[in-house]
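Asker: Structure in structure tokens, see below.
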There are 2 protein chains.
Amino acid sequence: MDQVHIYDSTLRDGAQAQGISYSVEDKVKIVERLDALGVAFIEAGNPGSNPKDLEFFRRVGDLTLKHSRIIAFGSTRKVGIRAEDDDNLRSLLEAGTTAIAIFGKSWDYQVTHILRTTLEENLAMIGDTIRYLKSQGKEVVYDAEHFFDGYRANPGYALQSLEAAALAGADCLCLCDTNGGNFPDFVGEVTKQIAARHPGRAIGIHCHNDCEMAVANSVVAVQAGATQVQGTINGVGERCGNANLCAIIPNLELKLGKSCLPPNSLIQLTSTARFVSDVANIPHNEKAAYVGNDAFAHKGGMHIDAVTKNPVSYEHVDPELVGNARSILMSEVAGRSMLLARIKLIDPTLTRDSPEIRLIVDRLKELEHEGYQFESAESSFELVVRKILGRHRPHFELREFKVIVNEPSSNGVNSSAIIKITVNGQEELTAAEGDGPVNALDKGIRKALERFYPTIREMRLIDYKVRVLDSDKASAAKVRVLIESADHDRQWATMGVSTDVIEASWRALVDSIEYKLMRDQERGG
Amino acid sequence: MDQVHIYDSTLRDGAQAQGISYSVEDKVKIVERLDALGVAFIEAGNPGSNPKDLEFFRRVGDLTLKHSRIIAFGSTRKVGIRAEDDDNLRSLLEAGTTAIAIFGKSWDYQVTHILRTTLEENLAMIGDTIRYLKSQGKEVVYDAEHFFDGYRANPGYALQSLEAAALAGADCLCLCDTNGGNFPDFVGEVTKQIAARHPGRAIGIHCHNDCEMAVANSVVAVQAGATQVQGTINGVGERCGNANLCAIIPNLELKLGKSCLPPNSLIQLTSTARFVSDVANIPHNEKAAYVGNDAFAHKGGMHIDAVTKNPVSYEHVDPELVGNARSILMSEVAGRSMLLARIKLIDPTLTRDSPEIRLIVDRLKELEHEGYQFESAESSFELVVRKILGRHRPHFELREFKVIVNEPSSNGVNSSAIIKITVNGQEELTAAEGDGPVNALDKGIRKALERFYPTIREMRLIDYKVRVLDSDKASAAKVRVLIESADHDRQWATMGVSTDVIEASWRALVDSIEYKLMRDQERGG
């Protein structure tokens, strides 16, 4: 089976998208998920242009990755200096990766009018840079920016620029459709020619979606001989986005018999796609090929009838191959067998026909209809199931809370919370101040519980995200709050939904605390 | 210039999408817009399967359309009856259109296993139906459902099914990738063969996006000889959607020199796309090729620099050709010259060297560092600039507010706000209740202002978004609130940032109100 190397740029080119801004922590989490999925390369940032990226490369150096190699990305040396003296190249080397991607110009117009140097100097910049990086023991991917546009304008010069990279020892020549303006016929034809001119050297393809053709162009390039495909999870990227790996990978594996991921990894595709949307805090595209909720949803009566007779009627692939599910009967909830597997982790005695299963499915449907999304909040999922199975005893009960927000604030503290809870019949009333109402509530509830459950001190909130669900309802819209918590050896995620951000936060907070106390109890007894 | 006939199915196949449901009124409005855009055909519904559609066809018969012809859509006659006796065909004729589209089976498996009849009877169903409709004077488009899958499975039978339609006099043979599972190489090759077998007869293409290839497949089919392209505005449709006409039309006109729309119509594309999103009540895809807000947006510093030097650097076409516009994002990376242009809109006397410019830049940097992102909140940007230039007089002053949130809530109202403001020295104290603290504040401040500024009643919040910025700080994280507001003739966006979601919402709300009152005042004189 032919191998295609998947080169993910979610954290570099994908981070150029409008509204995307990752913390170092976010980036580390995404690297871990991409490694688990099994992409060959993770292009993680440009250490020369962004000091935050350098910090990230230090962090990521400590991770032990199973499948992926990290790539630092940067440009060729500046005009008129030695590669050894270029600050950007120094930062690239400092990032400490084993592989580096370098982009350079292949379009004569870009050289003379944007870079404003000579065609000869540009070739020297490409060659010098790659030779220098090779001398430092790096694997080098050469990204030929604007390659297809350049080839159309001046094929001779575009070919020369690749030649310069190849002569200097580039391990991969990646052809970029930087403006996203090219069509499959041209991309296929040109890629074939380049592959023939550079036998034995890897050819890559990097497409943008400005004509809504990035996926097709990438696949056609593979059919023409490319063995490395650059893109991003969910196609996130500047303008109309980069080539969408979540469509390209299953297209190549399921339709062309290529091998892109380690065996049995494709099934993680849908959950990885949703995970990245959540970390980026952008709504997941539910119409996305393969990984959207609607990708295998059937509405038309005739279609449902036919799909029930045989799925091949209106499904081009089996949704389970990509970790997705057909949705007809159990609309919002993922396939019952998948669900059953998860429930069995909590109670292994249950079977497909247990009456509890129906109750759980109904409850989950109800909650998903309200806006819950258990994909990213497994601890809330577990609590829902345990409650229905009678396997959850709450550790405390809320009597009431009151939160007061004052403006103007004094000393940066504008909120106070008064919380009354009972634990085994004992009442506890506390108050806490905080920076905002959620912060005050968070402090208050822990303070109230400390007396009964001292381990609560170990727990801390590490992530807090808010998403507005039906945003056209303006200030009375529904919001979904996702909280991630951790103690010394675990990390867990919980969720709350309400029209009120305070109440949604409270629900997620309560689930988070209950989960912590439940796990502590299991361990203790 | 080669003519390609655009066949819009937004109101038929597009209406199969999850969450889409048009009223008759909606459909009439969309027909009028599609006619103004100038598509050749509007497939408007299936009168046989949906009585609401029959009412609609009566309504639409009264319209005078300039460019488009309406098509009624239905299936071949039922198994074992005469076409003349088929109820669905009767409804189709009753719809009173001059053209009719009929779908039939081309995949042997579908005939024997889904339709459950013989291969011969299926051919007779296709032939009889089309002959009958032709005898009634109709123009007939034959949609060969599952054509590409059928051709792969049994090419002989797939060809026979087209032959049956052609012999019966079908005016167009439309090849459908019903499951959306085919790739450009196969679609192109098969379309070429079919076009060669049926010289002089129109060949159509109808694709679905399950492999994210519908646009590419449609374009490749045109390159192979198809002259009719079926699709929907914005690619709306069942599962992953239909082929997106908003990408296909400019791809064909601007890149392949085909003629799809009447002269000078392409410029309506972006507004038509937004209009359909609005009527369908779905968020417009801002990353959409050609017609999204982000399609020509530039963020990276290098890209902005190059685009300013010459747009062709990072733009594959001129955005104005499709009625869109370039947008340069005002993030940290954006250059000073772009900023100056925007400031000059507010005060044209300023130059690059005015001392005010430095003050503004410093203040914007400070705010962006705090988490403001003015690219999506131009009204807040304008207010910042006006404040520094001394060109903004606040319409009210907040003395204090207090918000109280109670849990458990009573009657779904859990929050109350007390607000004290002054307007020209006059004090106003009001209280309001709401579903959540932001809703209570929103109601309270408008109530307080109504006495002084009655036009405030025209204003409404149409969108409310929360993003957590440094989410690793958990419940004390910084949040950014983006509010979109509208009155009868304007729409504007404002932003607030704070560690407290209430305060951030308040700031965005105040900017929104100030912006409204400022514009009203300018108009008033």
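Asker: Give the long-range amide H neighbours of B:C174: residues separated by 5 or more places, or on another chain, with amide H under 5 Å away, using H modelled in the peptide plane at 1.01 Å from N.
Answerer: Those lying under 5 Å, H to H, from B:C174 are B:Y142, B:D143, B:A144, B:G204.
Asker: If the chain between B:K365 and B:K255 were fully stretched, how many nm would it gain, using 0.36 nm times the residue separation less the Cα-Cα distance?
Answerer: In short, 35.5 nm is gained.
Asker: Given the range B:1-62, what whole percent of its Cα pairs are spread farther than 20 Å?
Answerer: When all Cα pairs of the range B:1-62 are counted, 25 percent exceed 20 Å.
Asker: Please compute the average number of Cβ atoms from other chains found within 10 Å of each residue's Cβ in peptide A:212-222.
Answerer: Partner-chain Cβ atoms within 10 Å, mean over residues of A:212-222: 6.
Asker: Grab every C-alpha pair in the range A:338-449, bin the distances at 5 angstrom width from 0 up to the longest one, and report whole percents.
Answerer: It works out to 2, 11, 16, 13, 12, 13, 13, 9, 6, 3, 1, 0, in whole percents.
Asker: Summing both sides, how much accessible area is buried between B and A? Use a 1.4 Å probe and give Å² to the nearest 100.
Answerer: Approximately 8400 Å², summed over both chains.
Asker: Related question: For A:K78, which lysines qualify as cross-link partners when the Cα separation must be under 29 Å and same-chain residues fewer than eight apart are set aside?
Answerer: Straight-line reach from A:K78, under 29 Å: A:K27, A:K52, A:K105, A:K134, A:K138, B:K299, B:K309, B:K365.
Asker: Continuing with the same structure: So for each of B:430-443, A:358-371, B:158-171 I average, over its residues, the number of other beta carbons within 10 Å; can you give me the resulting order with the highest mean first?
Answerer: B:430-443, B:158-171, A:358-371
Asker: Are there residues in the range B:1-41 whose accessible area shrinks by at least 20 Å² when all protein chains are included rather than the chain by itself, and which are they (probe 1.4 Å, ligands and nucleic acids not counted)?
Answerer: B:Q16, B:Q18
Asker: Could you name every residue in the range B:410-439 that has 50 Å² or more less accessible surface in the full protein assembly than in its own chain alone (probe 1.4 Å, ligands and nucleic acids excluded)?
Answerer: By number: B:D435.
Asker: With charges set only on the Cβ (+1 for Lys and Arg, -1 for Asp and Glu), what does the dipole of the range A:104-224 come to about its Cα centre, in debye to the nearest 20?
Answerer: 340
Asker: In Å, what is the Rg of the alpha-carbon atoms in the range A:195-234, and how long is Dmax?
Answerer: Rg then Dmax for the range A:195-234, in Å: 10.8, 33.
Asker: On the protein heavy atoms, probe 1.4 angstrom, tell me the percent of accessible surface of chain A carried by carbon and sulfur.
Answerer: The computed percentage sits at 50.
Asker: Averaging the inverse of every distinct alpha carbon separation and then flipping it gives the Kirkwood radius. What is it for the range A:129-199, in angstrom units?
Answerer: 12.6
Asker: State whether the range A:157-284 is rounded, prolate or oblate according to the following rule on the C-alpha gyration tensor (a ≥ b ≥ c being the square roots of its eigenvalues): a/c under 1.5 gives rounded; otherwise a/b larger than b/c gives prolate, and the remaining case gives oblate.
Answerer: Prolate.
Asker: Gap in Å between the Cα centre of the range B:1-77 and the Cα centre of the range B:129-183?
Answerer: Taking the Cα centre of each part, the range B:129-183 and the range B:1-77 sit 21 Å apart.
Asker: Determine the shielding of peptide A:313-325 by partner chains: average, over its residues, the number of Cβ atoms on other chains within 10 angstrom of each Cβ.
Answerer: Counting Cβ atoms of other protein chains within 10 Å of each residue's Cβ and averaging gives 3.
Asker: Against the globular-protein guess of 2.2 N^0.38 Å, express the Cα radius of gyration of the protein assembly as shown as a ratio, rounded to two decimals.
Answerer: In units of the globular-protein estimate, the protein assembly as shown measures up at 0.98.
Asker: Rounded to a whole number, what is D in µm²/s for chain A from Stokes-Einstein with the Kirkwood radius over alpha-carbon pairs (25 °C, 0.890 mPa s)?
Answerer: Rounded to a whole number, D works out at 96 µm²/s.
Asker: Give me the net charge of B:E450's neighbourhood, meaning all other residues with Cβ under 10 Å from the Cβ of B:E450; Lys, Arg count +1, Asp, Glu -1.
Answerer: +3
Asker: Then there's this: Hey, got the dipole for the range A:175-329? About the Cα centre, +1 on K and R Cβ, -1 on D and E Cβ, debye to the nearest 20?
Answerer: 300
Asker: Follow-up. Given +1 on the Cβ of Lys and Arg, -1 on the Cβ of Asp and Glu, and no further charges, what dipole in debye does the protein assembly as shown carry about its Cα centre, rounded to the nearest 20?
Answerer: Dipole magnitude for the protein assembly as shown comes out near 440 debye.
Asker: By its C-alpha gyration tensor, with a ≥ b ≥ c as the square roots of the eigenvalues, how is the range B:210-267 shaped: rounded for a/c under 1.5, else prolate for a/b larger than b/c, else oblate?
Answerer: Taking the square roots of the gyration eigenvalues as a ≥ b ≥ c, the range B:210-267 is oblate.
Asker: Residues of the protein assembly as shown: accessible area per residue at 1.4 Å, in Å²?
Answerer: Accessible area per residue, the protein assembly as shown: 38 Å².
Asker: If you take the square roots of the eigenvalues of the alpha-carbon gyration tensor of the range B:67-154 and sort them as a ≥ b ≥ c, do you get rounded (a/c under 1.5), prolate (a/b over b/c) or oblate?
Answerer: Cα axes put the range B:67-154 in the oblate bin.
The values are calculated or read from the model by the stated rules, or taken from the named source; none is laboratory data. All values derive from a computational prediction rather than experimental measurement. In this analysis, Cβ positions are derived from the backbone assuming ideal geometry, glycine residues included, and neighbour counts consider all displayed protein chains. Ligands, DNA and RNA are stripped out before the accessible areas are found, and what is left, the full protein with its side chains, is counted by its heavy atoms. Shrake-Rupley method; radii C 1.70, N 1.55, O 1.52, S 1.80 Å.
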